[in-house]
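One structure is given below, encoded as structure tokens.
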Amino acid sequence: MYKLYPYFTNDGSVGLFSPDADDIYHSTYGALTEAYEKFILPADLVNYFQKNNEIKILDICFGIGYNSKSFFDFFLKKILNENFNQKNNNIASIYTDKNKYNEKIYTDKILHKKNIKTEHVEVDKNEIILDTKKIRPQKYKIFIRAVDTDKNLAFLSPFFVTGEKKLKNEKIAFSQEKIMKMLKKSKNSKLRLNDEINIIFLHKIIKNHPEILTDPEISKILNDKNYVHYFDTHIRRLFEFYRICKGNYNPFKKLTAFLHNIYYLYISSSHKKALKALKMVDFKFDLKIEDARLALLSDLNRYNYIFLDAFTPVKCPCLWTIDFFKLLYEHLDPDGMILTYSNAASIRNAFINAGFYVGKIFNPTSNKFMGTVAVKNKSLVKYELSEYDFGLLNTKAGIFYRDENLNASNEAIIEAHKKEFENSDLISSSKFIKLYKLNKK
Ligand SMILES: C[S@@+](CC[C@H](N)C(=O)[O-])C[C@H]1O[C@@H](n2cnc3c(N)ncnc32)[C@H](O)[C@@H]1O
């Protein structure tokens, strides 16, 4: 039977354990923290959006969606809001230049709305119309393609809650000081934002996979009294609504009506904000329930960012092979970046042999390197591999996984890797480490 066990990770966000996969889906260190530290912050999105207003992201192993949602969350607050505020400031400088304009008008309609002091401002009506067009916040175009083999997870995705209470009580430097600042300060607005993001994603997932609404396993998990507090109340109600009407409804009409009600009941002000924000963004989210290898073979996109969040290489080697990385190479924009949590020598070596330049991810909170970036444009590498890291690549630890036809089972890939390892003449990583330390003395 399909089973999942939710638990609170150390930053208060919910993680999942699967007895079938015999693995956790999220680090106990903090599911949300990890999404920010390993994917969102090292992507340097503020810099990216200074030069671009379109972005394509591939989220490999979507799971319950922390990486995509954290991106979207960051985008709404850090990019869209700040861009909007900045443009509003520009309005002030344009319209308060007294000498430039000749006709006095009452400026309530345009300027007052923007909260700009308008006393004694002389403006030309025509200029207003033109400049209002000019300063309109730029239209962003976002495309996220997410891939995962597990449709149940994707459906649970809109349901995760962040364990707000726990978050407040625990002293976790990163999540408390940085994430909490980054997310809105007041508890209510943060919860409202979760709702918005959850509902936006739910809407997109249902659009592509309406069949998940009637999955009995999901209903069971959502209604199990042991788990009920892990899931978002509004979305559980949405699920109930569908369950009750199933059979004779058009999901989209009813969905909209229902969302309208819960927005007005619980989150009306942020609903308006979200709608306003979404009007400024051309946002497409597409979830493929498929093996990532297959999904990519039929995908013609080139991505600006690829988040690779597969289970560890020993559990899921098919998404860590040199052949899969070659496929990723074809799907990465020339100035794009792949980000992953793994810092294993075999993974870095596979990226290099697939044609990438490789760098490390530095985490200022722990003052440690904790992941890998792979790029085509070397100048995007911020933290290069050290002499020691390169040395490790030439040991047995650097032997990578292979999957020439991109269809081997994980077991077959592991077996072939084991053989190559046993027959290799390379030195072991432990011997290399000893020698390296001796030489450094
Ligand atoms: C570590 S979890 C990902 C966690 C996820 N990023 C999140 O935010 O919840 C690994 C995911 O890989 C998925 N998976 C395993 N094999 C896969 C494959 N061959 N192709 C695509 N997804 C796969 C699993 O279903 C699981 O959801």
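Below is a table of values for the structure above.
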{"quantity": "Contact order relative to length of segment 310-440, as percent, for alpha carbon pairs under 8 angstrom and 6 or more apart", "calculated": "28"}
{"quantity": "DSSP-loop trypsin sites (Lys or Arg not before Pro) across segment 333-377, with at most 16 other Cβ within 10 angstrom", "calculated": "K376"}
{"quantity": "Volume in Å³ per residue [convex hull over Cα atoms, computed for segment 310-440]", "calculated": "118"}
{"quantity": "Area accessible to solvent at S379, 1.4 Å probe radius, in Å²", "calculated": "90"}
{"quantity": "³J(HN,Hα) computed for each position of segment 417-433 - Karplus, 6.51 cos²θ - 1.76 cosθ + 1.60, integer Hz, glycine/proline x", "calculated": "5, 4, 5, 4, 5, 5, 8, 7, 8, 5, 6, 6, 5, 5, 5, 4, 4"}
{"quantity": "Stokes-Einstein translational diffusion, segment 1-57 - Kirkwood Rh over all Cα pairs, 1.002 mPa s, 20 °C, in µm²/s", "calculated": "162"}
{"quantity": "Long-range HN-HN contacts of G30 with modeled amide H, under 5 Å", "calculated": "N10, D11"}
{"quantity": "Whole-Hz ³J(HN,Hα) from phi, Karplus 6.51 cos²θ - 1.76 cosθ + 1.60, for segment 196-212, glycine and proline x", "calculated": "4, 5, 4, 6, 4, 5, 4, 4, 5, 5, 4, 4, 7, 9, x, 5, 5"}
{"quantity": "Compactness of segment 355-415 - radius of gyration and Dmax, Cα, Å", "calculated": "14.7, 41"}
{"quantity": "Amide H within-cut-off set for A146, under 5 Å, with H built and near neighbours excluded", "calculated": "D59, D286, L287, K288"}
{"quantity": "Exposure ranking of K51, K78, K220, K326 by accessible area [1.4 Å probe, largest first]", "calculated": "K51, K220, K326, K78"}
{"quantity": "³J(HN,Hα), Karplus 6.51/-1.76/1.60, whole Hz, each residue of segment 297-307, x for Gly, Pro", "calculated": "5, 9, 10, 9, 6, 10, 9, 7, 9, 10, 9"}
{"quantity": "Accessible area (Å², per residue) of segment 310-440, counting only protein heavy atoms and a probe of 1.4 Å", "calculated": "51"}
{"quantity": "Accessible-area ranking of F311, F356, largest first, probe 1.4 Å", "calculated": "F311, F356"}
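The values are calculated or read from the model by the stated rules, or taken from the named source; none is laboratory data. Just so you know, these numbers come straight off a predicted model, no measurement behind them. Quick reminder, even Gly has a Cβ in these numbers, built from the backbone with ideal geometry, and neighbours come from all protein chains shown. The accessibility values were calculated without ligands, DNA or RNA, using every heavy atom of the protein model including side chains. Shrake-Rupley method; radii C 1.70, N 1.55, O 1.52, S 1.80 Å.
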